[in-house]
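A.B. asks: Okay, here's the structure, questions in a sec.
All of the numbers you see were taken from the coordinates with simple rules; none came from a lab. Model, not experiment: these values are computed from the prediction. Heads up, the Cβs are rebuilt from the backbone with ideal geometry, glycines too, and the neighbour counts pull from every protein chain shown.
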Amino acid sequence: MKQTSEHFLENARVALTQTEARQRMTGLGQLMPMMRDAAVAEVDFEALREHVKRIKDHTLDNLDHYLRQFEEQVVLNGGHLHWARDAAELNATVLDICRSVEARRVGKGKSMITEETGLTEHLETAGLQVTETDLGEYIVQIAGEPPSHIVGPAFHKSEQEIRELFLDQHKLGRRRLEDPPAMVAEAREVLRERFLSADVGIIGSNALIAETGQTLLVTNEGNGDLVSTLPKVHIVCASIEKLMPRPEDALAQIRLLARSAIGTAVTAYTSFYSGPRRADDLDGPEQYHVILLDNRRTEILGSNYQDMLACMRCGTCLTHCPVYIGAGGHAYGWVYPGPMGSVLTPLLTGLEQASDLPNACTSCGRCAEVCPASIPLPDLLRDLRAEENHNKITPARWRWGLKLHGWLARFPGLYQALTGAAIAILHRLGRRSGGFSRLPMAGGWTQVRDFPAPQGGSFMRQWKRRQKQSADRG
Amino acid sequence: MADSGPGILAEVRRRQYGDADSDSIAEDLAALGHTPVRPLDEDEVLEHFLTRLKTNRVDLEVAASKPEAVKRIARFVYREYNGYRAVAGNDRRLAALPWRDGGVLVRFGAATPEDAVSISYARYGIAETGSMVLYCNRDNPAANNWLTRDHIVILESRDLVASLEDAWTGIRRDTDTEGLPRGVTLVSGPSSTGDIIGHLVKGAHGPLRLRVIFLGHVPEELLTRVGFETLPL
């Protein structure tokens, strides 16, 4: 997919003017965390995520061992395992498989990996008919838009927009499509035919099990299971960090994944697939392929950013992020939005063209608090910003400002005196109006809101006063 | 096409932190253990299972015997479709049920788009999540899980286990004797979607309804407490 991350600020500015979409996003930012909190309260979240982190660290520390074990098991189960160094190799491998069986129609389940490689476009260019079968993915596919959320790709669209889209795209005569159930029923009918006529089914995977060679698929709709079952060829596209040693480790992850993603203990379907149909099976694919994608993940392995490889793509950091809720998923300009995307996009596509993303962070820390994979997202974003500064990607005046601030911070007395004086001046100047509509070097702030006049002295001054008071009392 | 596998594996090997041999890796992994969850007490298992079924929007009927299970299925199929037909896999336990006496005309095989009702026999039920463990194999073709409008799953009370890990212990045991099935699926509810403005709708692509026939005894008071109706035969 075409990346527009370098236009993040402009994209976000446009998104902020779309009042209705913003209201929907605000609702999402209230509803999803509420559902997540209720579901997580059923379990000992801290103990669970600590356990999963230990398993994931162990897996990544011994990744070559588990990758080899997984490969052996896939082959033993009658499947084919392919490796893809980058997007082009994955796309070419899939196309080769499709051509080898003279496929004309492809049914796809939701797969972020194939969004990353632009697989649909690649196959369509080669003349194949590709249908996204996850309802949200289908909606954005026929709308000609990228997904805006990794779990709910069409969360940004209103009911009326989807109604108009269906009325326009499905040539089914006059009808009302009065509510979401009516629209879902129509999509079910339209997509049913696509499931049944697909020659090749392509899905992603939530985890790869080294011990058994199984690939895990978690869905509510059952679309991924249908494309894993009905077409004669089943292809699973996954990235190398998805390995888990044992089935029980994937089960541990499931406990956190469904709760974090959609606020339920489990999704409707949790499937472990392991190959083509067996000799006496009555259905299932004749061929089973797993494609393992690297696409710069080996560069992340062993680096300061390795924790990011534990991400289970639940999307909870998105709906907990004030920047994501404000700017919406499309502003991020690539496959992965929100805090996880702001780390992953620069690592997978290059810091230079995604340099705004690590700065799209208020450092509020909510993402790290709720992340089921214990990823210290604010720390990783800070490290990326430090790298930007080091590599001179950050604008020169920012760098000079940071340098000055860094120098000043080495002299606490001077720092406190200067900030104290600045606050006193601002307090005096803003006493009457209570705030400033313009300030030098803070135009970005005052352009959209007033800067409140400081009250009650600097933080350090207040802190010292408080300590003195408690010492006097003690 | 050139095989990128050796190159990727070498790069992984070069960059990863660990450098242990297989035996040490296995020891390290074993030491990490399994999920730290509080196990359910034996007397909690059934209520927890039923509560989860309710949360997962699963319909439930309790049958004291196999003939009763068939009669309940027959009544449901007749009520919903004014007919008697259903499709089921080649599971011996399904084949042994008294379908003819109960009034259900079962076709044994894989579901087609024309089939409205499919019947499966669960390997295990999981109280922790309210899931039924089904294999995709000759006994239960995968299409039977996802192609029909109504999916009926029979679960014997003795196959109900407490946790996900308990279920996997059973799956390992089955795999040792029968081989690994193409698919192992935990079915925990009807197919559903929230992709249109977060509005939850049942019947996205798979079954609109999931109906569990629980073979065993459930006290009426418990059923009522959880919120299920007791349906007379």
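A.B. asks: Local charge sum around B:Ala63 (other residues, Cβ-Cβ under 13 Å, Lys/Arg +1, Asp/Glu -1)?
C.D. replies: Here the charged neighbours net out to +2.
A.B. asks: Between B:Gly125 and residues 5 or more places away or on another chain, which pairs have amide H atoms under 5 Å apart, with H built 1.01 Å from N, and which residues are they?
C.D. replies: Answer set, sorted by chain and number: B:Val133, B:Leu160, B:Val161.
A.B. asks: Take A:Ile262, B:Ile126 and order them by how many other Cβ atoms sit within 10 Å, fewest up front.
C.D. replies: A:Ile262, B:Ile126
A.B. asks: Let me ask you something else. Which of B:Ser22, A:Ser374 has the fewest other C-beta atoms within 10 Å, and how do the rest follow up to the most?
C.D. replies: Ranking B:Ser22, A:Ser374 by Cβ neighbours within 10 Å, fewest first, gives B:Ser22, A:Ser374.
A.B. asks: Right, here's the next one. Along the charge dipole of chain A, Cβ charges K/R +1 and D/E -1, which of A:Leu123, A:Tyr66, A:Gly341 sits furthest on the positive end?
C.D. replies: The listed residue farthest towards the positive side: A:Gly341.
A.B. asks: Another question about this same structure. Compute the angle between helix A:247-262 and the longest alpha-carbon principal axis of chain A, please, reported from 0 to 90 degrees and rounded to the nearest 10.
C.D. replies: That helix lies at roughly 60 degrees to the long axis.
A.B. asks: For A:220-233, what's the mean count of beta carbons from other chains sitting within 10 Å of each residue's beta carbon?
C.D. replies: Neighbouring Cβ atoms belonging to other protein chains average 6 per residue here.
A.B. asks: Something else now. Under the rule of -39500 (n - 2.57) per DSSP H run of 4 or more residues, summed and divided by the residues of chain B, what mean residue ellipticity at 222 nm is obtained, to the nearest 500 deg cm²/dmol?
C.D. replies: -10500 deg cm²/dmol
A.B. asks: Here's something else I'd like to know. Taking the 0 to 90 degree range and rounding to the nearest ten, how far is the long axis of helix A:63-76 tilted relative to the main principal axis of chain A, both from C-alpha atoms?
C.D. replies: Roughly 20 degrees between the two axes.
A.B. asks: Which entries in the list A:Lys2/A:Lys157; A:Lys2/A:Lys171; B:Lys71/B:Lys202 go over 23 Å, if you measure between the two C-alpha atoms of each?
C.D. replies: In this structure, A:Lys2/A:Lys171; B:Lys71/B:Lys202 exceed 23 Å between Cα atoms.
A.B. asks: Let me ask something else about it. I need A:Val218, A:Val94 ordered by Cβ neighbour count within 10 Å, fewest first.
C.D. replies: A:Val218, A:Val94
A.B. asks: Shifting gears a bit: Ordered by packing density, taken as the mean number of other Cβ atoms within 10 Å over each peptide's residues, highest first, how do A:291-300, B:99-108 rank?
C.D. replies: A:291-300, B:99-108
A.B. asks: Also: Please list, in order along region A:190-206, the HN-Hα scalar couplings obtained from phi with the Karplus expression 6.51 cos²θ - 1.76 cosθ + 1.60 (θ = phi - 60°), rounded to whole Hz, x for Gly and Pro.
C.D. replies: 5, 6, 4, 5, 5, 4, 6, 9, 6, 8, 10, x, 10, 10, x, 8, 7
A.B. asks: To the nearest Å, what is the center-to-center distance of region B:182-233 and region A:349-385, using C-alpha atoms only?
C.D. replies: 39
A.B. asks: For region A:165-208 and region B:55-117, write down the distance between their C-alpha centroids in whole Å.
C.D. replies: 28
A.B. asks: For region A:291-297, in order, what is each residue's ³J(HN,Hα) by Karplus, 6.51 cos²θ - 1.76 cosθ + 1.60 with θ = phi - 60°, in whole Hz (x at glycine and Pro)?
C.D. replies: Going residue by residue, I get 10, 9, 9, 8, 6, 6, 5 Hz, with x marking Gly and Pro.
A.B. asks: Of the beta bridges DSSP finds with both residues in the protein assembly as shown, what % are antiparallel, to the nearest 5?
C.D. replies: If we restrict to bridges inside the protein assembly as shown, about 35 percent are antiparallel.
A.B. asks: Compare the peptides A:444-457, A:332-345 by average per-residue count of other Cβ atoms within 10 angstrom and give them in order, highest first.
C.D. replies: Listed from highest to lowest mean packing, they are A:332-345, A:444-457.
A.B. asks: Let me ask something else. In straight Cα distance, which lysines are under 17 Å from A:Lys392, not counting same-chain residues fewer than 8 positions off?
C.D. replies: Partners found: A:Lys403.
A.B. asks: Need one value for A:346-353: mean number of C-beta atoms belonging to other chains within 10 Å of its residues' C-beta atoms.
C.D. replies: Per-residue shielding by partner chains comes out at 0.
A.B. asks: Where does chain A land at 222 nm, in deg cm²/dmol rounded to the nearest 500, when only DSSP H runs of n ≥ 4 count, each adding -39500 (n - 2.57), divided by all residues?
C.D. replies: When only DSSP H runs of four or more count, the value is -16000 deg cm²/dmol.
A.B. asks: Oh, and also: Check chain A for me: any Cys whose beta-carbon has no other cysteine beta-carbon within less than 4.7 Å?
C.D. replies: Result for chain A is A:Cys98, A:Cys237, A:Cys311, A:Cys314, A:Cys321, A:Cys361, A:Cys364, A:Cys371, no neighbouring Cys Cβ within the cutoff.
A.B. asks: Let me ask you something else. Treating the angle as unsigned and between 0 and 90°, give the value, to the nearest 10°, between the Cα long axis of helix A:377-390 and the longest Cα principal axis of chain A.
C.D. replies: That helix lies at roughly 70 degrees to the long axis.
A.B. asks: Moving on to the next point. Residues of A:248-255, mean number of Cβ from any other protein chain within 10 Å of their own Cβ, rounded to a whole number?
C.D. replies: 5
A.B. asks: Same structure, new question: Pull up all non-local amide H partners of B:Ala63: gap of 5 or more, or a different chain, and H-to-H distance under 5 Å with H placed in the peptide plane.
C.D. replies: Excluding prolines and chain starts, which carry no amide H, the hits are B:Phe214, B:Leu215, B:Gly216.
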